[in-house]
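Presented below is the structure to which this report refers.
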Amino acid sequence: MGGDRKCRIVLLGMPGAGKGTQGALLEKHFGIPNVSTGDMLRESLSEGTKLGLAAKSHMDAGKLVPDDVIVKMVDEFIHKSECSKGFILDGFPRTLGQAKALDEMFETRGFKLTLVLYFDLGQEDAVIRLSGRRVCKVCQRMYHVAFNPSPNKDRCVCQGELYVRNDDKEEIVRHRLSVYITQTKPLVAYYKEKGLLVEIDASKDIGSVNDEVLGVLYANC
Ligand code: AMP
């Protein structure tokens with residue numbers, strides 16, 4: 001990213017569209033943190049915190065965690081020193097209420113949202129991707145049994161054990177997608193109206209999507 005300008009990016013798209021994968025690649029490429037609300041909640045859960053335990057039932061059912069909980073969590077995180085050079089928001093905002101809260105957070109701090117990358121993917125493609133997804137218990141790296149298998153079979157490159165997330169089971173996946181359509185998809189129009197939305201064809205392979213994303217970011221950041 002050119003000069004001293006800070007890049008603050010939102011990754012938007014249905015579960016399975018590749019936000020987590022691209023967010024991790026961007027984090028490595030630009031050296032700015034990828035703030036995944038899903039990862040933060042799973043981490044809180046594995047640490048047994050009050051926040052994690054309160055979120056568990058929502059997450060297991062494929063429902064959204066209440067806005068006030070998520071907004072507080074993000075607000076605290078983006079003001080940490082590690083976010084001082086910019087950040088990537090993966091999985092936030094997910095409701096109109098969260099998007100408006102983010103606008104307020106930015107306004108209060110004098111931050112500017114650089115752009116919103118919208119990863120566009122068909123619903124059936126998302127089901128195939130999510131139900132074949134495997135995640136490392138140790139480093140959270142993601143694989144897909146067919147499209148992006150681990151070179152170590154059922155172990156991660158870090159040797160951590162791979163597992164299927166509870167909410168990646170097909171019935172829950174279908175519920176998550178319907179939640180996405182009713183609650184999150186309206187954000188596409190919200191950010192389009194603000195002139196911040198850039199559409200990415202998320203059906204391509206990881207490398208091609210990453211090339212497209214990098215092209216967009218170098219042109220805008
Ligand atoms: P993800 O890893 O982004 O698919 O998120 C997994 C689960 O965490 C979601 O299905 C929700 O239950 C919860 N979650 C993550 N981000 C949010 C958010 N911004 N708002 C509400 N719930 C969230």
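Placing pseudo-labels 7 Å out from each Cα toward the beta carbon at V138 and D205 gives an inter-label distance of 2.8 nm. Per the Cα gyration tensor, region 1-70 maps to an equivalent ellipsoid with semi-axes of 27, 14, 11 Å, ordered largest to smallest. Remark on region 114-220: Rg and Dmax equal 15.9, 45 Å (Cα only).
Count neighbours as other Cβ atoms within 10 Å of each site's Cβ, and list the GluC sites (Glu not before Pro) in region 64-173 that are DSSP loop with at most 10 such neighbours. Qualifying residues, ordered by number: none.
The label point for Y218 and the one for D154, both projected 7 Å from the Cα toward the Cβ, are 4.2 nm apart.
Residue separation of E76 and S46 scaled by 0.36 nm, minus their Cα-Cα distance, works out to 8.8 nm of gained length. Ellipsoid fit via the Cα gyration tensor, the chain: semi-axes of 25, 21, 18 Å, each the root of five times an eigenvalue, largest first. Please compare each pair in K63/K137; K112/K194; K6/K192 to a cut-off of 19 Å on the Cα-Cα distance and tell me which ones are over it. Over 19 Å Cα-Cα: K63/K137; K6/K192.
When C139, C156, C221 are arranged by Cβ crowding within 10 Å, least crowded first, meaning fewest neighbours, the order is C139, C221, C156.
No value in this document is a laboratory result; all are computed from the given coordinates. Treat the numbers as computed from the prediction; the structure is a model and nothing was measured. Using ideal geometry, Cβ is built from the backbone for each residue, glycine included, and neighbour counts are taken over all protein chains shown.
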